[in-house]
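Take a look at the structure set out below.
The values are calculated or read from the model by the stated rules, or taken from the named source; none is laboratory data. All figures in this text were calculated on a predicted structure; none of them were measured in a lab. Neighbour counts are summed over all protein chains in view; Cβ atoms, including those assigned to glycine, are modelled from backbone coordinates with ideal geometry. Note: areas computed on protein heavy atoms with side chains; ligands, DNA, RNA excluded. Shrake-Rupley method; radii C 1.70, N 1.55, O 1.52, S 1.80 Å.
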Amino acid sequence: MTAMLESSSAAAANRPGSIRWSKQFGRVFVYGCLALLALVFLAPLLSMLLTSLKSMDEIRAGNLLSLPSTPTFAAWANVWGASCIGVTCGGLKGYFGNSFLIVVPATFISVALGAFNGYVFAQWRFRGDNLIFGLILFGCFIPFQIVLIPMAGLLGKLGLAGTIPGLILVHVVYGICFTTMFFRNYFITVPAEIFKAARVDGAGFWAIFFRILLPISWPIVMVSIIWQFTGVWNDFLFGVSFAAGTNQPVTVALNNLVNTSTGTKAYNEDMAAAMIAALPTILIYVAAGRYFLRGLMAGAVKG
Amino acid sequence: MANLAINHVTKSFGSLAVLNDINIAIEDGEFLVLVGPSGCGKSTLLSIIAGLDEHTSGSITIDGDPVDGLEPKERDIAMVFQSYALYPAMSVEQNIGFSLEMSKMPKAQRLERVSKVADLLQITHLLKRKPGQLSGGQRQRVAMGRALVREPKIFLFDEPLSNLDAKLRVEMRTEIKKLHQRLGATIVYVTHDQIEAMTMATRIAVMKDGILQQFGTPEDIYDRPKNVFVATFMGSPAMNLLPATVVGETLSLKGADAVLPVPASVVAPLTEGREVLLGLRPEWLSLASAGSPSGPSLPLLVEVIEPTGPDVFAALRAGEREIMARLPTGTPVAPGQKASFAIDLSKAILFDAASGVAL
Amino acid sequence: MPAIVLSPSLAAVTVCVYGFIAYTAILSFTGSKMFARFDFVGWRQYERLFENPRWITAIENMAIFGGLYIIGATCLGLFIAILIDQKIRLEGVFRAVFLYPMALSFVVTGVIWQWLLNPGLGLEHMMRSLGWESFTFQWLIEPERAIYTIVIAGVWQVTGFVMALFLAGLRGIDTEILRAARVDGAPIHKVYTRIIIPALRPAFLTVFVIEAHLAIKSYDLVVALTKGGPGVSTELPSTFMYSMTFTRNELGVGAASATVMLVSLASIIIPYLYSELRNDRHA
Ligand SMILES: Nc1ncnc2c1ncn2[C@@H]1O[C@H](COP(=O)(O)OP(=O)(O)OP(=O)(O)O)[C@@H](O)[C@H]1O
Ligand SMILES: [Mg+2]
């Protein structure tokens, strides 16, 4: 995040020609608007955090943004370990673990395959390579509703219906479309002469990849890992469609917790649960916002 | 060290013919320069020699053995690229030693070879650095080192100096030439800089549009160009080409109202009235002095003079024609002056006006 | 070796993207109910789909949601991008603040906004406790209004990304042109309307495609925020497809609705990808 800050302010400083609204009024207007908008954008997160630290009584007494008089982690503890989700009452922790069990292998496999594919597309010419790449690219953008029915059938045939390995498989398949695009677009910027030099030096397919390409690819590796991690972690549709019972990821469990609870709504618990489900991706965003943004931009194809 | 023969090599990308029936053969230890304008197929030919590209037909032999279809690493060649193509993540030492590592040479032996080459190129102090921490000239040396360390049969260079500034380029030119003499290596060198070609080569191949225009020694190319393209491409300022008509034993210069004898070099019989181009290198003109009245001369108007230090380039005019002359510094000429210029017709070349072929 | 490396992924994509698309498309022409059956019924399922009032609601909602979401996020994102481009201090902090919702899952976003907008203790409660006694905000439970809550949450989530895309576009404009305009004495609003915004055309295109893509795919947000309700008032094609397929045992209709979604999305994405790829390979 600090790097994001640095690079952006440097960019701004390097733009002598960018137009300013001169005069004091302009500056006041600009900062006023930005500050107001920033508050509006931050308020939901703040409210979520504050509410999760209150008791229900305090929530009724206060308002969205009032500070808790006696902050308590009771709601957090409850949703983490005790709340009933569906028929089981063990809190979110199991589902949180499921998400990790899904995310880690799905990310690793799809990033590795994407790197190999991107390498092939960027540096090995063959007939129709651009068309094939285009077809893979299109796979990034399909509405996944179109694959839900046959995928459910396939997972059933493979004996993976409702299981975590099944979900990993699904995420890998649709993840490689994106990771292939990321790596291919990165690798085509490597000068062709470097590959020629390596071939003259006697390096083969894998030696070129591992010795020459991979050591200069860590930025795009980071981007892909973060993209896949957040994408898979935040997934809901595949989780709700293909995972059953205690194999569900945390997003599905969160939705079940919030939207199927009976009796009065415990907003403090809802917010604590949402915080827990959001924490990993928020931490990644804070730690590596620059790569997160680069992934988003690359996902917009341009770049 | 080895000889190299390129026999009837043709290359097309789809329907686009990029190389057309190229024939070149050089002996062990020669320095062949491929020269020609951008896009003429020099790099393509070099890549084919290296095995990075496949030719469409023809064959290539190194040391008498056909190498067609062999991978680059099996051809025992080394290559230096225009962008140097250093591996960004490796140190200089690893860059130079990479090919040896790929051929599984034991580490101790490898390091010894690398340090020998680093000594030779005076880059020992840079061995631990990454390419990103080197200047252009240093990168160039590393790229050379990467080729030298392999002790290959043939060195291939693709415009290795074109990314250097003018001064460094001249220095490195000399250095490569020295290396060539010292190692006695066989070298194929691509450039579009005709000065590089003239100064370094033992053989030059001039190409245009995928066709070999002329192959010969630098003297051949410079003094006896086979056609107008070679004549004007090599040499700076370019050779003067004066349109003329054959009238008996003389040439009547068009648009200049002047007559010169047919050069002695012309052996082909000339039909009366034939349209030709008279090729004169700028240095074949000199101020006619009163002391040496012999030989043909032309009265010319001095329009512009450009001193370059050792020489003076003079733009001269005869009627509608402009003629460049290279005169020694100190020659008493001034703009606006009219003077008689002696012409060394013993070297002058006549080209057919229509085909551009030397007669 | 290149072929060997590529083939597993190619096989996976061929089967799981194109094979599955074909399968779903074929299924949409069958009378499948609970299980896939291959008794072809022509366009019957599409007729049933478009006779279904829930689907019509879903399409109408899609138009409202998609339209407002795209317009809202584009305008707000562009506005913020222009503000941030005024050589401000703390630019990185502001950008980080606007972008963070993009890191959250739609489910989390839905849950948060369900809390913020809940009629009992949410925004209404806060406004009243701040002294605005008559303030009412019950959109979440009003069938006519609930779809707008989804727009609000969606815009909140995506605006930072839109801003980043526009900011990249603004930073890519040749500053020489802006200087020239200033030398020519163009007033500031003219510079924006005549030079800068036209120069952002490619960014607008990208933004539009991304937003349309997100809008058509939207599923989690609705499920988490309104469950499609009250009633079916916030039904979207994605939620319709899901309930037809997995709870109503109408595989054929579900497949038909998924196919309609794919075709509408493809008609936006394919031309875009085509133009992007064509300009892409520089060599
Ligand atoms: N992969 C390719 N596909 C199609 N045409 C190509 C390809 N590579 C090169 N060409 C064409 O072949 C011709 C020769 O290219 P080449 O790179 O050999 O030129 P060159 O003489 O090295 O030029 P330069 O001095 O600019 O390096 C050019 O017209 C080029 O457009
Ligand atoms: Mg070239």
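Brief remarks on what is shown
- Note on A:Cys84: accessible area is roughly 80 Å² with a 1.4 Å probe, heavy atoms of protein only.
- In sequence order, region C:233-242 has phi-based couplings of 5, 10, 4, 10, x, 5, 6, 4, 4, 5 Hz under the Karplus curve 6.51 cos²θ - 1.76 cosθ + 1.60, θ = phi - 60°, and Gly or Pro positions carry x.
- Surface/4 of the Cα convex hull for region B:135-244, nm²: 8.1 nm²
- Other residues within the sphere of radius under 12 Å centred on the Cβ of B:Ala314, judged by their own Cβ, net out at -3 (K and R +1, D and E -1).
- Derived scalar couplings between HN and Hα for region C:224-230 equal 6, 8, 10, 6, x, x, x Hz in order, rounded to whole Hz, by the Karplus curve 6.51 cos²θ - 1.76 cosθ + 1.60 (θ = phi - 60°), x for Gly and Pro.
- Area hidden from solvent between C and A (accessible, protein heavy atoms only, 1.4 Å, total, Å²): 9700 Å²
- Distance between region A:92-169 and region B:306-359 - C-alpha centres, whole angstrom: 73 Å
- Using alpha-carbon coordinates, inclination of helix A:164-187 to the longest axis of chain A, degrees: 50 degrees
- What a 1.4 Å probe finds exposed on region A:93-298 is 72% carbon and sulfur by accessible area, rounded to a whole percent.
- Stokes-Einstein, applied to the Kirkwood radius of chain C over Cα pairs at a viscosity of 1.306 mPa s and 10 °C, places its translational diffusion at 73 µm² s⁻¹.
- For region C:33-145: span of alpha carbons on each principal axis (Å, largest first): 65, 40, 23
- Computed across region B:1-150, the Kirkwood radius stands at 16.9 Å (inverse of mean 1/r, all Cα pairs).
- The Cα-based radius of gyration of region A:133-245, divided by its Kirkwood radius, gives an Rg/Rh of 1.10.
- Ellipticity estimate at 222 nm from DSSP helix runs (n ≥ 4, -39,500 (n - 2.57)) divided over chain B, nearest 500: -7000 deg cm²/dmol
- Taking label positions 7 Å along the Cα-Cβ direction at both B:Ala17 and C:Glu51, the computed distance is 6.9 nm, reported to one decimal.
- Peptide-level mean, for A:233-240, of C-beta atoms on other protein chains within 10 Å: 5
- Heavy atoms of B:Arg146 accessible to a 1.4 Å probe, total area in Å² rounded to 10: 10 Å²
- Once backbone amide H atoms are built at 1.01 Å from N, B:Gln213 has B:Val206, B:Met207, B:Lys208 as its partners under 5 Å, excluding neighbours fewer than 5 places away on the same chain.
- The alpha carbons of region B:240-352 stretch over 42, 26, 23 Å along the principal axes, in descending order.
- Total formal charge among the other residues, if their Cβ is under 12 angstrom from that of B:Leu277, Lys/Arg +1 and Asp/Glu -1: +1
- Of A:Ala203, A:Ala287, A:Ala277, the residue with the greatest mean-square motion in the GNM of chain A, using alpha carbon springs below 10 Å, is A:Ala203.
- Temperature 20 °C, viscosity 1.002 mPa s: under these conditions the Stokes-Einstein estimate for chain B, based on its Kirkwood radius over C-alpha pairs, is 94 µm² per second.
- Shown for chain B: the carbon plus sulfur share of the solvent-accessible area, taken with all protein chains present and a 1.4 angstrom probe, equals 52%.
- Close amide H partners of B:Val190, meaning residues 5 or more places away or on another chain with modelled amide H under 5 Å apart, are B:Leu34, B:Phe157, B:Asp158, B:Glu159.
- When the Cα positions of A:Thr230, C:Ile195, A:Val111 are compared along the charge dipole of the protein assembly as shown, A:Thr230 comes out farthest toward the positive end, with charges on each C-beta of Lys, Arg, Asp and Glu.
- For C:Thr30, the residues whose amide H sits under 5 Å from its own are C:Val41, ignoring neighbours fewer than 5 places away on the same chain, with H placed 1.01 Å from N.
- Dipole axis of region B:4-233 (+1 Lys, Arg; -1 Asp, Glu on Cβ), positive-most option in B:Val190, B:Asn7, B:Gly36: B:Val190
- For region A:23-56 versus region C:1-57, the inter-centroid distance based on Cα atoms is 45 Å.
- Charge context of C:Lys227, other residues only, Cβ under 13 angstrom, K/R +1, D/E -1: -2
- Qualifying aspartates and glutamates (Cα of each under 17 Å from Cα of B:Lys226; at least 8 residues distant if same chain): B:Asp209, B:Asp352
- Looking at chain B, the accessible area is 44 square angstrom per residue; that uses a 1.4 Å probe and ignores ligands, DNA and RNA.
- Looking at region A:93-156, the chymotrypsin sites (Phe, Trp or Tyr not before Pro) that sit in a DSSP loop and have at most 12 other Cβ atoms within 10 Å of their own Cβ are A:Phe126.
- For the cross-link pairs B:Lys128/B:Lys178; B:Lys11/B:Lys167; B:Lys73/B:Lys167; B:Lys11/B:Lys254; A:Lys157/C:Lys33, the ones whose C-alpha atoms lie over 30 Å apart are B:Lys11/B:Lys167; B:Lys73/B:Lys167; B:Lys11/B:Lys254.
- Region C:1-92 - percent of accessible surface contributed by carbon and sulfur, probe 1.4 Å: 75 percent
- Cβ-Cβ FRET estimate between B:Gln122 and A:Tyr31, R0 fixed at 60 Å, reported to 0.05: 0.55
- Region B:292-324: GluC sites (Glu not before Pro) in DSSP coil with no more than 11 other Cβ atoms inside 10 Å: B:Glu320
- Inter-label distance, A:Leu131 to C:Val15: 2.3 nm, where each label sits 7 Å from its Cα along the C-beta direction.
- When the alpha carbon coordinates of region C:110-162 are projected onto the principal axes, the ranges are 36, 24, 17 Å, largest first.
- When +1 charges are put on Lys and Arg Cβ atoms and -1 charges on Asp and Glu Cβ atoms, the dipole computed for the protein assembly as shown relative to its Cα centre reaches about 1940 debye.
- Simple label model, 7 Å out from Cα along Cβ direction - B:Asp165 to B:Gln337, nm: 3.7 nm
- Number of partner chain Cβ atoms within 10 Å, mean per residue of A:151-162: 1
- Residue-wise HN-Hα coupling along region B:311-323, computed from phi with Karplus coefficients 6.51, -1.76, 1.60 (Hz; x: Gly, Pro): 10, 10, 8, 10, 8, 10, 10, 10, x, 7, 8, 10, 10
- Computed Kirkwood radius, in angstrom, where 1/r is averaged over Cα pairs of the protein assembly as shown: 33.7 Å
- Annotation for region C:88-156: GluC sites (Glu not before Pro) lying in DSSP loop with at most 13 further Cβ atoms inside 10 Å of their Cβ are C:Glu133, C:Glu144.
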